[in-house]
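Only one structure is covered here, and it is reproduced in the block below.
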Amino acid sequence: MKRLNGRSAFITGGSRGIGKAIAKAFASEGAKVCVADLQQQALLELEQEFTQEGWDLFTFQMDVTDKHQVEQGFYKAVEEMGSLDILVNNAGITRDNLLFKMEDDDWDKVMDVHLKGTFYCSRAAQAYMVKQRFGRIINISSVSALGNRGQANYSTAKAGLQGLTKTLAIELGPYGITVNAIGPGFIETAMTQATADRLGMSFEELIAYKTKEIPVGRTGKPEDIAQAALFFADNASSFVNGQVLYVTGGPAV
Ligand code: NDP
């Protein structure tokens, strides 16, 4: 028996990186999956990959910061999948800089994608989840929520997501909906590749540097986060609500 048989999941920013690994893990456990992201080409490639595996996938372009696109997107997803059981708020961006060099736009864009995006998507999803008295909302926060040089905007947004997680856990728990967050450490994706580029290092150099700081002696893969997301999506975690699970290869400090 697959862990997510009969479930339907909506994943934002899921055409690559962590979101894609979550989409694949959910599909391999029997879920119907909907991925919404910005780039049409990346979505088409994802559809091809899923078709080859024989998995159900529904995709469309959606900017999580656009309220109307989000509301239409959730309506379309429910029409297509028949229900909405799991939401993963994964879409994310970085605009790193030290405070004195950070532009207003760097601040606003990061807040909009992580906080407003998660707010819009969670509000749209709960309307369906409350009616069916079941839901799982999984917010992708970050270890940067605990503070990280050069990420005043991102750390603030990711810490804000943890507050939102706990509040929604209290509000939605009575309807059978759990809301939890994952705080990934360094995960090998396009986002951390961009960090290497910004620091003038090769990706391999950055990975080697980060590996020295991580107790398990390696950096993370998107699949490491997908396993944590599976736990929160599963029926077995129904008494786990409002928690933040750091997936960092060691204690988050
Ligand atoms: P990626 O940059 O690889 O993927 C992020 C995806 O989100 C991209 O497909 C991106 O689209 C999409 N996206 C960005 N803005 C929007 C938007 N407004 N609406 C819809 N989709 C959008 O990042 P990761 O896979 O590394 O990160 C996934 C999540 O995990 C993010 O929330 C990130 O902050 C978090 N995280 C990542 C860590 C890491 O080490 N990689 C560590 C801790 C947390 P496009 O391709 O157009 O940019």
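Just so it is clear, none of the values below were taken in a lab; they were calculated from the coordinates. All values reported here derive from a predicted model rather than from experimental measurement. So basically every Cβ, Gly included, is an ideal-geometry build from the backbone, and we count neighbours across all protein chains shown.
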Using Cα pairs closer than 8 Å and at least 6 residues apart in sequence, work out the relative contact order for segment 1-157, in percent.
23 percent
Using +1 at the Cβ of each Lys and Arg and -1 at the Cβ of each Asp and Glu in segment 125-241, identify which of Y128, L230, T192 lies farthest towards the dipole's positive end.
Y128
Vicinal HN-Hα couplings computed from phi for segment 22-29 (Karplus, 6.51 cos²θ - 1.76 cosθ + 1.60; Hz; Gly/Pro x):
5, 4, 5, 5, 5, 4, 5, 9
Give me a comma-separated list of calculated 3J(HN,Hα) values for segment 117-127, in order, Karplus coefficients 6.51, -1.76, 1.60 applied at θ = phi - 60°, integers in Hz, x for any Gly or Pro.
x, 5, 4, 4, 5, 5, 5, 5, 5, 4, 4
Can you give the charge dipole size of segment 179-253 about its Cα centre, rounded to the nearest 20 debye, using +1 on the beta carbon of Lys and Arg and -1 on the beta carbon of Asp and Glu?
140 debye
A correct Karplus calculation of ³J(HN,Hα) over segment 192-200, with 6.51 cos²θ - 1.76 cosθ + 1.60, θ = phi - 60°, whole Hz and x for Gly and Pro, returns 7, 4, 5, 5, 4, 4, 5, 7, x
Residues with amide H under 5 Å of V247's amide H, sequence separation 5 or more or different chain, H placed in the peptide plane at 1.01 Å from N; which?
G183, G185
Student exercise, the chain dipole from Lys, Arg, Asp, Glu Cβ charges, in Debye to nearest 20:
760 debye
Given the pairs K20/K221; K101/K210; K2/K24; K67/K109, which span a C-alpha to C-alpha distance of over 19 angstrom in this model?
K101/K210
So for segment 197-253, using the alpha carbon gyration tensor with a ≥ b ≥ c as root eigenvalues (a/c under 1.5 gives rounded; past that, a/b versus b/c decides prolate or oblate), I'd call it prolate
For segment 1-56: relative contact order, % (alpha-carbon pairs under 8 angstrom, 6 or more apart)
37 percent
Cross-link reach list, aspartates and glutamates versus K32, counting only Cα pairs under 16 Å and skipping chain neighbours closer than eight places
E47, E49, E53, D56, E79, E80, D85, D234
Value of [θ]222 nm, deg cm²/dmol, for the chain, DSSP H segments ≥ 4, -39500 (n - 2.57) each, nearest 500
-14500 deg cm²/dmol
Rounded to whole angstroms and listed largest first, the alpha-carbon spread of the chain along its three principal axes comes to 47, 38, 34
Could you work out the relative contact order of segment 104-197, using alpha carbon pairs under 8 angstrom and six or more residues apart, expressed as a whole percent?
32 percent
